[in-house]
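Data block below; observations after.
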Amino acid sequence: MVGAYVRAKTADLGGTRRRAEEIEGLETFDLEREGMFGVVVEGPSIDAVHDVIEGRLTRLEGVLGVFPVSLEIDDPSVPTGAVKGTPGGVS
Amino acid sequence: MRSTRREFMKTAAVSAVVAATSGGAVAETVLRPEPIRWVKSVCRFCGTGCGVMLGVRDGRFVALRGDAKHPTTKGLVCAKSLFLPKIVQAKDRLKVPQIRKNGVLKDASWDEAMELVASKFAESIQKHGPDSVAFYGSGQAMSEESYLANRLFKGGIGTNNVEGNPRLCMASAVGGYVTTFGKDEPMGSYDDIDHAKVFFLVGSNTAECHPVIFDRILATKQARKDVLVIVLDPRRSPIAEIADVMLDPKPGFDLPVFHSMAHVIIKENLHDPDFIAKHCQFKIVKDGKPVNVSFDDYVKFLEGFTPRKAELQSGVPADQIVEAARLFAKGPTMSFWTMGLNQRSRGVWANNLMHNLHLITGQIGKPGMTPFSLTGQPNACGGVRDTGSLCHILPYGRSVKKAKHREEMEKLWGAKPGTIPPKPGLNTIEMFRALARDEIKAMLILTTNPGQSLPNASVYRDAMGKPRPGKPFICVIDAYPTRTTELADVVLPAAMWSEKTGVFGMSERRYQLHPKIIDAPGESRSDFDVLLDFATRLEEKGVVPKGYIGGKFKTTDDIWEEMREASRDTAYDFRGITRERLRNERGVRWPAPTPNHPGTSRRFVKGEDPILDAGPYADNTLKPGEIKFYAAPKFRATVWLRPPLGPSEPPDDEYPFVLSTGRVLEHWHTGTMTMRARELRRSYPECFCEINPKDAKRLGIKNGSRVKITSRRGTAWAKARLIAGPREGMIFVPFCWEDDPSLINRVTIDAYDPGSKQPEFKICAVKLEKA
């Protein structure tokens, strides 16, 4: 889950936000700042969330920039044990 | 009230965003899952120095969020930072020492590895002298680590062969600051962003390389309609989207643009004669020596750079130069630049000319008015530049050439008088050239990846790794396998930043502590521990005086005390930045000579800079707000009359394109860290080459097809990306991918600036073909 804010062209902030809300897994919320709105993006994996932000949201018409603020990793697959060895070899 | 974990997370995410965008006012309302402990720290990536909160659960680093209470970055971080928990836990972290045996790296014990490293260094020093060994460090090591390595090599072993990768990114900025103002490091701070009305962004892809700074600029522009942005860059990077004036010179021919802007400013009487009369001097180099000239001489010199003449030299339309000059002079103007100005064979001069514009308009030392060099690494400033961990300098503004400075450091370090040589050691390129000639016999490489990041890389890869009789011994300390560890004789596994406690010093002179929050994996150790071990073994072998380092320092806290003392009576004085303050506060900007000093937003300004209040530079005749360039000769900053020379290797008939290299938003430098987050790797799975569509059409290159890029030094391959970013005749390739075909630094040139010794990564001549 990623929390981010979006800077958008002020003239069409409402339109940009509506287009953003059409993206699945994305919710918007108000921010008390001109030219900005907040988003929370959820997905089954970080890959999916990343695709939403980088692949769709940042490319929306009117979006100047997407600035992630928080990322929660709830991924039990992240390894913690020791891994031995390393690739080597002379070039 | 009960809620699900998902709701908790969502509330936390929303709260973090609200906090970040409202100056942290509601940060305390964040609801957190109970098991998580949040620890204040600083980001591991670029020199912006974003405050971060690291989330720990069950001994694992599982979450990261921007620190809403951070005074300058206010909760913002970029995508790279958010993936740090995954990067730290990458599956292929190095966990045990390795020694090359019969051409293959084999696991070894720490004792066996360290004994081999120490023996090789000792043998070389005893047989060939101290200058037969070298240290190549990093703007990513902690300040305490760089300081310790510098102390060991210069004051213990007795060689100035101490370098670091900031030579590749920041050296020209250092040269610019020192030759113009007398001392390194910016005089302004991020505070100035909020006061500026004009931003002059030069050779800086701020949107991708310093996104949090870019956001602050964007916020200022959104909030105040009279804020304007001038961009000077031969490539239209994403910042061009917000440019009100876009100047795109022929690559390497921007010096005439700076001079021409100065010409317009003076011709139209937009300069500040009082400031110039009080605070500036003018110099030109004649017969290899700087000579003082008058303001009138400068005006005459600038006649060679009328907008029309500059247009002929640079390709920038004259009317745009005039417009940019008028806006700059109107101000308040804050200038930012990075590698586009620094990675040049005339990088110092380009920096000087940037400063010239601020000096002749008096736009310095006042809110919103400052030249500001952004840094690419988290600790190039605090760790390498400030601690003097380059071949020609000593800690906190001292020079190896000055006997007084050498004596001061020898005394503080307890070194034998005369140990520090008066001659600068080898700069980075010359150090690796000496390695190729087998004159450097042993090298310690720490937290950096020269096997991928050096220009003309094939030559230096061979120098490090090609088997041959008498091949120099290479020890690499790193947390991950890289294109450099594969060349090493010994690889030592390093702790990552979250696994050790130390200080990073970022672009605006803010020193910040990052605490250890988790244990390092396997047998990994901090670079600090490894350096202590190394020093002790060298003492036992008789090549470093007994007790010089061994037994003196147990933790990084211990050496910080000495570092603070080393800053006494210097322009850096940070004796007031105690360890306790660093633990409690969100960093402090030096100078801060006393424990109750809040830190300095603007240097050289009476009432703000404490260096003007007490100590060797004090001047109590000044009124609050008055400026004094106390480190400059006669207290006057220098306006330089620099010739408008172009790049070392301009394009020609055989190699008709200019290659420029750089970064992308999701990847950082050689990708050692960011490529280990699958999500970031996926965003740019392979290397690409930006080509202007007009050039592509002429060469029959289609979007997505493979192209071959060849220079006089080597070849690389990449996927074509047709975009009107680079101007015609120019291509752009990021250097983040490690695979052989994409290794673009096999193509780049190792020509370097004669002043800063920084290589010209940004410009070399290539030919481009369909692969």
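The values are calculated or read from the model by the stated rules, or taken from the named source; none is laboratory data. Keep in mind that what you see is a predicted model, and the values were worked out from it rather than measured. Heads up, the Cβs are rebuilt from the backbone with ideal geometry, glycines too, and the neighbour counts pull from every protein chain shown.
Looking at B:SER345, B:SER335, can you tell me which residue is hydroxyl-bearing (Ser, Thr, Tyr), outside any loop (DSSP other than H, G, I, E, B) and surrounded by 24 or more Cβ atoms within 10 Å (Cβ to Cβ)?
Checking each option against the conditions leaves just B:SER335.
Here is a list: B:ALA696, B:ALA614, B:ALA637, B:ALA631. Which entry is buried (at least 18 other Cβ atoms within 10 Å of the Cβ), among the small types (Gly, Ala, Ser) and over 24 Å from the mean Cα position of the chain (by Cα)? Steps first, answer last, please.
On the way: B:ALA614 fails: buried (at least 18 other Cβ atoms within 10 Å of the Cβ); B:ALA637 fails: over 24 Å from the mean Cα position of the chain (by Cα); B:ALA631 fails: over 24 Å from the mean Cα position of the chain (by Cα).
Checking each option against the conditions leaves just B:ALA696.
Pick from region B:646-678 the residues that are within 18 Å of the chain's Cα centre (by Cα), closer than 18 Å to B:GLY340 by Cβ and part of a loop (DSSP other than H, G, I, E, B): which of them is nearest to the other protein chains (Cβ to nearest Cβ)?
B:LEU665
For region B:252-301, give me each residue that is more than 12 Å from B:ASN356 (Cα to Cα) and among the polar types (S, T, N, Q).
Result: B:ASN269, B:ASN292, B:SER294.
Filter region B:668-689 for residues that are modelled with pLDDT under 90 and of a type outside the set (Ser, Thr, Tyr) and give the result.
B:ALA677, B:ARG678, B:GLU679, B:LEU680, B:ARG681, B:ARG682, B:PRO685
For region B:61-76, which residues satisfy the criterion of being more than 7 Å from every other protein chain (Cβ to nearest Cβ) and surrounded by 21 or more Cβ atoms within 10 Å (Cβ to Cβ)?
As a first pass, look at region B:61-76 and keep what is more than 7 Å from every other protein chain (Cβ to nearest Cβ): B:61, B:67-74.
Passing the criteria: B:PHE61, B:ASP67, B:ALA68, B:HIS70, B:THR72, B:THR73, B:LYS74.
Can you go through B:GLY155, B:GLY164, B:GLY137 and tell me which one is farther than 25 Å from B:THR670 by Cα, away from chain A (no Cβ under 14 Å) and of a type in the set (Gly, Ala, Ser)?
B:GLY155
Would you check if B:GLY304 is farther than 29 Å from B:PHE214 by Cα, in the same structural domain as B:ALA207 (by TED's automatic domain parsing) and among the small types (Gly, Ala, Ser)?
yes
Identify all residues within region B:490-500 that are more than 10 Å from chain A (Cβ to nearest Cβ) and either under 16 Å from B:LEU444 (Cβ atoms) or without any contact (Cβ under 8 Å) to a residue 60 or more places away in the chain (or both); write none if there are none.
B:VAL490, B:LEU492, B:ALA494, B:ALA495
Being surrounded by fewer than 21 Cβ atoms within 10 Å (Cβ to Cβ), charged (D, E, K, R) and more than 14 Å from chain A (Cβ to nearest Cβ) narrows it down to one of B:ASP194, B:ASP233, B:ASP254, B:ASP248, so name that one.
Going through B:ASP194, B:ASP233, B:ASP254, B:ASP248 in turn, the sole match is B:ASP194.
Take B:ARG93 and decide whether it is outside the structural domain of B:ARG437 (by TED's automatic domain parsing), in contact with a Phe, Trp or Tyr (Cβ under 6 Å, 6 or more places away or on another chain), buried (at least 21 other Cβ atoms within 10 Å of the Cβ) and under 30 Å from B:VAL162 (Cβ atoms). First the steps, then the outcome.
Values: outside the structural domain of B:ARG437 (by TED's automatic domain parsing): yes; in contact with a Phe, Trp or Tyr (Cβ under 6 Å, 6 or more places away or on another chain): no; buried (at least 21 other Cβ atoms within 10 Å of the Cβ): yes; under 30 Å from B:VAL162 (Cβ atoms): yes.
In short, no.
When the residues of region B:724-771 are narrowed to those that are at pLDDT below 95 and acidic (Asp, Glu), which ends up surrounded by the most Cβ atoms within 10 Å (Cβ to Cβ)?
Selected residue: B:GLU738.
Please count how many residues of region B:279-310 are of a type in the set (D, E, K, R) and touching a residue at least 12 places away in the same chain (Cβ under 8 Å).
Number satisfying all stated conditions: 4.
Taking the criterion of being touching a residue at least 60 places away in the same chain (Cβ under 8 Å) and surrounded by 24 or more Cβ atoms within 10 Å (Cβ to Cβ), would at least one residue in region B:218-230 satisfy it?
In the first step, residues of region B:218-230 are kept if they are touching a residue at least 60 places away in the same chain (Cβ under 8 Å); the result is B:228, B:230.
Still in the running and surrounded by 24 or more Cβ atoms within 10 Å (Cβ to Cβ): none.
Taking every residue of region B:218-230 in turn, none turns out to be touching a residue at least 60 places away in the same chain (Cβ under 8 Å) and surrounded by 24 or more Cβ atoms within 10 Å (Cβ to Cβ).
In region B:397-432, which residues are under 20 Å from B:PHE553 (Cα atoms) and touching a residue at least 40 places away in the same chain (Cβ under 8 Å)?
Scanning region B:397-432 gives B:MET409, B:GLU410, B:LEU412, B:TRP413, B:GLY414, B:ALA415, B:LYS416.
B:GLN377 is checked against (1) part of a strand (DSSP E or B); (2) over 23 Å from B:THR638 (Cβ atoms) and fails just one. What number does that condition carry?
So B:GLN377 meets the others, but not (1).
When both residues are 6+ apart or on different chains and their Cβ atoms are under 8 Å apart, which pairs have a first residue that lies in region B:681-706 and is in a strand (DSSP E or B), and a second that is surrounded by 15 or more Cβ atoms within 10 Å (Cβ to Cβ) and among the basic types (Lys, Arg)?
Filtered contacts from region B:681-706: B:PHE688/B:LYS719; B:PHE688/B:ARG721; B:CYS689/B:LYS719; B:CYS689/B:ARG721; B:GLU690/B:ARG235; B:GLU690/B:ARG721; B:ILE691/B:ARG721; B:ARG706/B:LYS719.
Might you let me know whether region B:214-223 holds any residue that is among the basic types (Lys, Arg), within 14 Å of chain A (Cβ to nearest Cβ) and either part of a helix (DSSP H, G or I) or more than 21 Å from B:CYS50 (Cβ to Cβ) (or both)?
yes
Here are some residues: B:ARG60, B:ARG65, B:ARG37. Which one is more than 25 Å from B:VAL588 (Cβ to Cβ), of a type in the set (Lys, Arg) and modelled with pLDDT of 75 or more?
Numbers: B:ARG65 fails: more than 25 Å from B:VAL588 (Cβ to Cβ); B:ARG37 fails: more than 25 Å from B:VAL588 (Cβ to Cβ).
Exactly one of B:ARG60, B:ARG65, B:ARG37 is more than 25 Å from B:VAL588 (Cβ to Cβ), of a type in the set (Lys, Arg) and modelled with pLDDT of 75 or more, namely B:ARG60.
Is it true that B:GLY576 is touching a Pro at 6+ places or on another chain (Cβ under 8 Å) and within 14 Å of another protein chain (Cβ to nearest Cβ)?
The answer is no for B:GLY576.
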